[in-house]
Every structure is written in C-alpha cells, then in structure tokens.
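Contents: one structure, followed by commentary.
Only the coordinates and a few stated rules stand behind these numbers; no lab work does. Only a predicted model underlies this, so the values are computations on that prediction, with no experimental measurement involved. Ideal geometry is used to build each Cβ from the backbone, glycine not excepted, and the neighbour counts take in all protein chains shown.
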C-alpha cells in the first residue's frame, strides 16, 4: 500500500480511498508538513493538530461546492495540500508559492483572505443566508479553534447562526490552547464537556440552540468521518466539538505548545531554531522595563490580548509578573476597556499589542479610553513596514487610525532611549492616554539625552531651505538622505517629530520660509502625520511632500522593493529635495 | 406617609427608609420621570423598567465606594435622581442640566462616559482588578441589559470576569427587548431560564463559572433587595438575572416597546408625539428604495445591527422585506462580516448603520470587506455634525476612519437624487465595497441629472482663482459663500467632490494655478478628504485651507455655535477666501 502525494490534485483524488489508505495519506501529509515546517517555519502546532480533521472534511464534504471557512486560516496548510497545492509542500523551491492563510487568489477552494481570529462563523452565516436566498443546497462549514471562539465576534455569530434555521456546521477544533494558554471560564466549560465525553447536562452550545456532537478522538479519522457524515446536510445549526492535540506527531511541538504555535525554521529532532535570534529586540526591552516598573509599584499592570510572547511576556516573564500581568485571551475589545477600568480604579495599566490587532478595538480606544481621557499606555508592536508582511497582518494603518481619535497622544520614538523615556513618562504621569509605536527595523540607540517634552518636535540636524521631518525608523533614513544632500551643497534641517497625533505649530512656523518640507512616515500617507503637516502649512508658500506608503493592501512584499516604490530610500529622498 | 423627592440628595437619604417608604419613593420617582420624559423625550422604556432595580441598588450597595457601571447608561436616569441630580428631573428649566448617559463631569457616582453597548463588564473587570491590586474591599457591579449582553465585547468579558476569582457582580436586566426585538438563540435560552424560574439545568452563566441568582419579580423592590443583599460582598463572580418590564407603568410604553425605547416629547396619555415629524427623511427614502430593490431581486438583502428603525426599517417595513431583511442584534462585527459572506455567496448586501456604531466594526470593514474587496454597500446615517450631539454618539469620525482603509470607496452625496444613484449603482455593480454617507442637515434635491461616474469631482459652479470643494451638506453652504463672494467681485469655482476616499487628480490639476482652494467637510479635518487634497496640492503654489471640525469630543453642542467656532458659516468662508 502506497500513497504518492504528488498525485493528490484535488479532493476528488481522496474520495475513492478506503480507510486504510486515508490513514496512510494522513501520515504522509504529516510527514511532508513537518519537513516543510522545519525548513521553512510557520504555524507548526495548529496544522499538525488538524491533519486528520482536514482529510476527513475533504473526504466527507464536497468542496468547493460545500463551503468551508477556516477561522484565522493559519491551520489551512493541509487544506492547501489537498486542494491542488501539494507542490508547495513537497518542493522546497516552491515553499513560498502559497501564503500562510487561505487565499482566494490561489484557489477557488479558499473563500476568504483571513488572518484575524473569530470571523469564520459570521462569514459562514453570510454564505448560508446567501445560499438560502438563491436556493442552493450546499453545506456551509465554519472550522474554528477553541481560542478563536473566545473572541467577541465569534460569540456574536455563535449566538446568531442558529436563528437562520438552516444548514450551518460549526466545527470546534478544541486543542486546549490559544497561542499561549486560554483565558476565561469558557475553557473550564469545554473541559467539563470533554471530561464528560460530551454528555454534561450543562452545555453552552445546546443552550444556544445547536445540535451538539462530541468527538473524543479528534485525531482519529474513523471517528471524524463518522461525525462529519452524521451532520452533513442537516437543516439547522450543528456544532461538532472535536478534541485534538496541537502539534500532534512532533514531540517538541506536543510538549512546547506555545513556542511551537508559530516558529521560524527549526531542527525537527531537537526543536532548536536553525538561526537563533540573538540581536536586541523591543519585546525584550519592553518586558524587562515593565518587570522593573511592576516590581517597584504594585499598581502597574501589563496586559495582553492573546499575544503575550509577541510583546515580550513569554511563560517565564509572565510568572515573574504574577498577578500584575493579565492576558484576557483573544479579546482585544475586552482588554482595552479593562485598561479603562484599571485606570479609573487607580492602577497604571500598560497594554502591549500588535498593530494589526489594535484595530479590533477601535471603538474601545475611542470611547472607553479617549472620551474618558483615562491615563493609560498602549505599546504598539509591528506597526511598521519593517514588521509583518502578510496581507492580513500589515502594520501600515495604525497611525491613521489612532491619530484621528481626540485626546490620545500618539508617540513615535526613534531610539531605545526615547522609547523608554516615553514609556516611563506615560506610566508616571496622569495626563491621559498615550499610544507608543515601537520603531520598526534595526534597533537604534542615541547618546544625547532625551528631551521629555514629547509634544515638541526635535531638531536633530539644523540646516536651511529644506526640512526632513522623519519619524521612527525613517529618522535614520533622513539622516542618510541629509548626508547625500550635503555633498551636493544643500544642508537640510532634520527633525524627529516624536508626536504624530498633533503638529508642533511652533516648530512648523519656523519652516514657513523654507523652500521645501518633506515628511516621512512608517505607514500610509492617508491620515498620517504628514498630512497634518501639509494641512498646517497649506496656507504658506513652502512646498510640502508627504512620503510614506500608498494606501493599499500588499502581500509578502520585499521591504527594499516597497521602499523604492514609495520614494523612501535615502537617495530618492535626497533627489526629491533638490529639484 | 409622604416622600418629598426634593429631599433626596444622595443615596444616604434612602438608606434609612423602610420598605413601605421605598415603595412610595419608587412610585414618586416613576411619576417624576414620566413627566420629564413626556415633556422632554429620552430613553423612556429602559428607564421606566429599572426604577425599582435602581432604588434597590442604591439601598443595598454603598456608592460611590461600591462601584456601579451602567451598560450604555441610557437607563441611568433614576440613578441620577438618587445621586444629587433630582432637580434636573423635577424642574423643567433644569431638564438639560444632566446628560442622557452617565457622566463623570456631573457626579462622582458616575464612573464613565458611556453610550455604546456591551462595555460594562469589561470596565468592571478593570475596576475589580485595580481594587485587588490596591487592596480595596468594595463591590464592583456591572448593570447590563439583555440586548447588550449579545454584543461580542460583553460576551468576551462575561467569559473573562470569573477568572479574576474576586468580587464582581453582573446584574442582567432582562426586559426581553433590544431597541427592537432581540436576535440570537441566547434569548431563547434566557426565556428557558425565566420559564424555569431560574432552575433549568442548562445554564450558560453557570457554565461560565458564575454563581447565578434569578429574580422573577424584577420590578418588585422586596425581591430585588433580598437578592442584592445576598450577593453583596461575595468573593467571586455572581450574575443576578432580573426579569423586568420595559416601559413599566406607562401603558403606551409597555405596549409599544420599540417606539418607546427612545422618543421625542410625547403625550403621556395617548403616546402621540407632541411635534410629529412629517418632513422628508433619508431613513424613509433609503428603506423605500431598498424595498423596491429587494422586491425586484431576491438576492438583495438589507442588514442592520440592532438599530433597524434608525435606518428606516420599523416593524412594518421589516415585515414587508421578509427574509430579505436581517437584524443580527447589537453585533456590528458579526453583521459586517456577514455582509462579506453574503457578498461572497452571490447576494447583494446593503447594511444600514449609524456612523458612531460603524466604528465598532473597523477591523471587519478593513479585513472581511476591504481586503477581500467584496461588492457590498454600507449606508451610514448620522455621520454629520447635524446628527446626534451626545459625546458618545458623535458622527464626526467616520470619514477619517473609512477613508484610510484601502479598496473602499467612500461616497458623499449632496442630494437625494445623488444618494439614490449611488445606492443603485453600488447594488448593481460588482466593483467592490462602497460606503455612502447620508448627508446631514436639510434634505436637498437637485434638478440636474446625476453624473454617475462617482470617482470624479463635479464642478457645480465654474469660476476662477478661488475654489470651494464642499461635500455633503456643505455644498449648500459653499454655494451661499459663493453668492457672497460674487457680490464682492470674486467668482469662485464650487465643486462637489462626491468621493472622499481618493482625490480626483485630473480636477485638482486644473486648480494648481488658482490662488486658493478651500475644502469643507462634515467631520474632523484630521484624516478627512481635505487633507488628501492639501497633500496632493502640497507641491504646487496654490494655498489650501481645510475646513471641518477640530479633532475633539463635544457634548450637546449647538450646531450654530459649532459652525462658527470652526469657520463653517457662509460668511466666514467667503471672508477666508478674500484676504
């Protein structure tokens, strides 16, 4: 008996297999997956845990007619392997032919570009409702992890879906983990359901109107196929609760679930990273300073919404912080409003958050925090073109988002020293909310003392005629551009604005008799700080050019290409200033 | 036995009362409340339903030491009456001395400015956590309605709160209504709990780790006091489920719960509005056109997230629309992603949404809709300074928010004809997402045919030297300013931009030799369309002035004052252009 994965071009190629072949297929898929994950990195644990569930899904359901929506879709690798993209998992030269998430540009089997959690059930209700309006008969399946289920949007949809009184199948992939551990009592309840083999009379899903099916052996194909067959074509809402093991089959991933949620390339045997990261990093700098702050003052609290390690609080540092570190799970809205409550109650809350996820709490930032003008700090990671480059995880938009909300000071340090001074000041003062944007790119230091009046732009190099106002990592770029310009006889003024949510009118007034002001920012130009500068100077005679990114969604770009395409290299900037 | 409400200055004044006096107090409060509501308007049903619960809360708990957080806080009128603000409910001259929501600027008994739903439990967890860090002993109470509980953020917090293992008391005010009817199976579950007098073995709150207490007579003081005393000072999470009647005591409000959720002044006996609104309105225009569209094509769907009447779909029109109208309840995130699913499934979804609530679904608009570039329509109501003027319901921010998201066309019609042409085109075409911003202020018409290439600015009056680019209601203002300017010998060009998310470069190029371009928009200047224009023209010699609102939160402003403060009257604009 043998399976050649190269012959798997579509789910049709597995429909005729008997169970023994399917078991073998799963083993082969897992082996190939491991080899790619070790060499390439990626979402290790989530994908290894759903090999069997994905095979069973495509064996029982008839995609693309039946519609499967993966939540987050970071666990869709096996789905890709079964739907015409196996080469991207077998041939190292083709590893990057597929994205890390579902992608309609790649395949009709992928319905949505997804990357944030908790959206699958809502998307599925839309598909189901559309089906019912046009008179279709297909199954609609939402495949969602236990961690994603705790996100408010998933709970909204979980509540609404049964009201369609129509076919919708929610598969709850319960691997008992979030990226880190789960938070909230929903998870005690899932434990209760697992421990009772799904028979507990108290059942939140039944309470919400679902037919409930429990699969104890969620990595066993036979059980999964049986359950999926049972629920296929039902005319009401069904929830299939499958108990799976994250990282299944790879010892290091089974035993270190948090580290192997997502990793860079690693040694399959030892789990050790192939290129250990030893350089200075802001997550480390941030968490160390917060530990100091928390140690010195019991009222200081650090918060995260489901991504503690991304902000420097891995397991060990969470332990050191004790009750002064709070992770609410993947629940950004709850977390931001909890910050508001903490501040009102006299604590000193600091939330570490990844830029792309901050936008999930826009309303809370605006209302609970900003309207109430509550002293609090938000430290934003990966808000940068030097950050993540998946289309669903871009950090280009937070400047525009945050700086259009009144009362919030949006600060952009350029160096470690500036960052720490901003962080310290935001914790020690009671002025209102502060958002600090960690600079992307290479970690920079400064020798000069930090001027802590952060409402003032800082003149870094004094020149004339041309001014470069460059925030965050682009301060270095601006200095390089200035060096080139000086060679050609132009001595520009270089300014580090530090605050992006308002302009320093006094400083800008001194530029009104300049020839040219160029703003440079690490985000889209639309709604950015440059446009505030251009507007302020709009009635004066000085020319203003706003550099930054075009307003567009990009996928897996090369940084150097992106810089060039947007006139952001030192050479381009120097040239711009010299016409 | 007599109660003089004027003598109620703080909760201390009711602590010594016996039960008979408390009953009498409640009656007096309800009477005074009705008189104000009839003469002044406001949230009728929600407040009449919680008279007894509020009295019991302040009788049992010790605010402001004990901390009570009201969800939405539209039901906090009786709380205000009991906490030093009774005059604002007794003396018609002082009716407007208090806001319609909790307001820390008014009283230390009010903890947060709130106005959006589903935030109370999160805020309470923050207060509770802060208390535990500083070693306090007070009770923390979240008072939340059944409708608000369906919002994702509330569910996130409901899940998280018990993990504090500390005092937190959630009072679920179950009046069996949202603004309109509730949606989602959570509500069948609440019915099950009520019908079993709280004894059903299936209990979502117990499943989530709460001690659960049920009060069948939620408008009976004795029962409420007993229950609140029972849960006071508990050291873990408790949920008290109280069964109340929305509109209690006022026949018209009891029988017409949706109409009397919030109303303008009305006759207490008949329920008839004192000043019936008969003028043309966009909610009516929108819903009529949608009914036509839905009748003509089964694939057209109208959606709302809990505010159907605000977008023209009162009970009668919802019936006419049948299954082609969907209200998901107060769950904006779910609704926007459901729009994405509907579009992907081949339907033609149109969501009607109030501007201030759209910001609750920023991430879904960006990811589910915009990244996927799915044809869909969002019609935004009250996105205007002529709209709602409570600090928590401002419509100033949606231009900045929406126009910094790639792929979305943000359109701003100035007339009914333009609006309908935009709506029709967005439904008939398959170009991607469109957000249409209903113009605020007086409903305007146009005789000229509508140019349906909405990516192009439209020159309304051709002049020279000075251009006024004015969107939405400010097109009328610009025409008035132009008339004044013409009297003084300047003949400006007046332009209706119609699209706010991108500039019409071709049109702007023709203005580069002008002396002055003035943009005027109905929202904050920061991140608005004017700043895009200023940036585009930044390298040219033309002066640009961006008019619009300052970035700030305002409360219950007078429109005429606000216009003047921001240079937005025709006279001010005319003057600006003439220096």
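The table for this structure:
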| quantity | calculated |
| --- | --- |
| Exercise: per-residue mean of other protein chain Cβ atoms within 10 Å, B:349-362 | 3 |
| Rg and Dmax [Cα atoms of region B:164-288; Å; Rg one decimal, Dmax integer] | 18.8, 55 |
| Cα-based equivalent ellipsoid, the protein assembly as shown: semi-axes from gyration tensor eigenvalues, Å | 42, 41, 31 |
| Where the Cα pairs of region B:332-454 fall when distances are cut into 10 Å bins, in % | 14, 46, 33, 8 |
| Tail fraction, Cα-Cα pairs, region A:458-576, threshold 23 Å, whole percent | 24 |
| Spatial extent of region A:23-178: Rg and Dmax, with the Cα atoms as the point set, Å | 15.4, 47 |
| Size-normalised alpha-carbon gyration radius of region B:229-311, reference 2.2 N^0.38 Å | 1.70 |
| FRET efficiency estimate (nearest 0.05) - Cβ-Cβ, residue A:320 to residue B:540, R0 60 angstrom | 0.60 |
| Inter-copy label distances at residue B:188 (7 Å, Cα→Cβ; nm, one decimal) | 2.8 |
| Ratio Rg/Rh, restricted to chain A and using Cα atoms, in which Rh is the Kirkwood radius | 1.01 |
| Relative contact order (percent, whole number), region A:1-124, Cα cutoff 8 Å, 6+ residue spacing | 27 |
| Efficiency of FRET from Cβ geometry, residue A:35 and residue A:62, R₀ 45 Å, rounded to 0.05 | 0.90 |
| FRET efficiency, 1/(1 + (r/R0)^6) with R0 35 Å, evaluated for residue B:236 and residue B:188 via beta carbons | 0.80 |
| Position residue B:295, label points 7 Å along Cα→Cβ, spacing to each other copy in nm (shortest first, one decimal) | 7.4 |
| For residue B:270, inter-copy label distances in nm, listed shortest first [label point 7 Å out on the Cα-Cβ vector] | 8.8 |
| Cα-based convex hull, region B:135-222, per residue volume (Å³, whole number) | 118 |
| For B:137, B:293, A:299, order by how many other beta-carbon atoms lie within 10 Å, fewest first | B:137, A:299, B:293 |
| Cα centroid of region B:114-130 to Cα centroid of region A:120-140, whole Å | 35 |
| Per-peptide average of other Cβ atoms within 10 Å, ordering B:224-232, B:55-63, A:334-342 highest first | A:334-342, B:55-63, B:224-232 |
| Sequence-separation-based contact order of chain A, relative, with Cα cut under 8 Å and 6+ spacing, percent | 10 |
| Counting all C-alpha pairs of region B:203-264, share separated by more than 14 Å (%) | 65 |
| Per-residue [θ]222 nm for chain B (sum of -39500 (n - 2.57) over DSSP H runs n ≥ 4, rounded to 500) | -10000 deg cm²/dmol |
| Fully extended contour minus Cα-Cα distance, from residue B:24 to residue B:97, at 0.36 nm per residue | 23.7 nm |
| Distance between region B:283-305 and region A:181-236 - C-alpha centres, whole angstrom | 38 |
| Test item: A:545-554 mean partner chain Cβ contacts at 10 Å | 3 |
| Rough spin-label spacing in nm, given labels placed 7 Å along Cα→Cβ, for residue A:288 and residue A:491 | 3.8 |
| Rg/Rg_ref, region A:1-86, where Rg_ref = 2.2 N^0.38 Å and atoms are Cα | 1.02 |
| Normalised contact order of region A:458-576, rounded percent, pairs of Cα under 8 Å and 6 or more residues apart | 28 |
| Mean-position separation - Cα centroids, region B:54-99 and region A:375-443, in angstrom | 38 |
| Rounded to 10°, Cα long-axis angle of helix B:221-231 versus longest principal axis of chain B | 90 |
| Closest approach to the B/A rotation axis among chain B Cβ atoms, residue and whole-Å value | B:152, 1 |
| Cα-projected label distance for residue A:512 with residue B:513, points at 7 Å along beta-carbon direction, nm | 2.8 |
| Shielding by partners - mean other protein chain Cβ count within 10 Å, residues of B:320-332 | 3 |
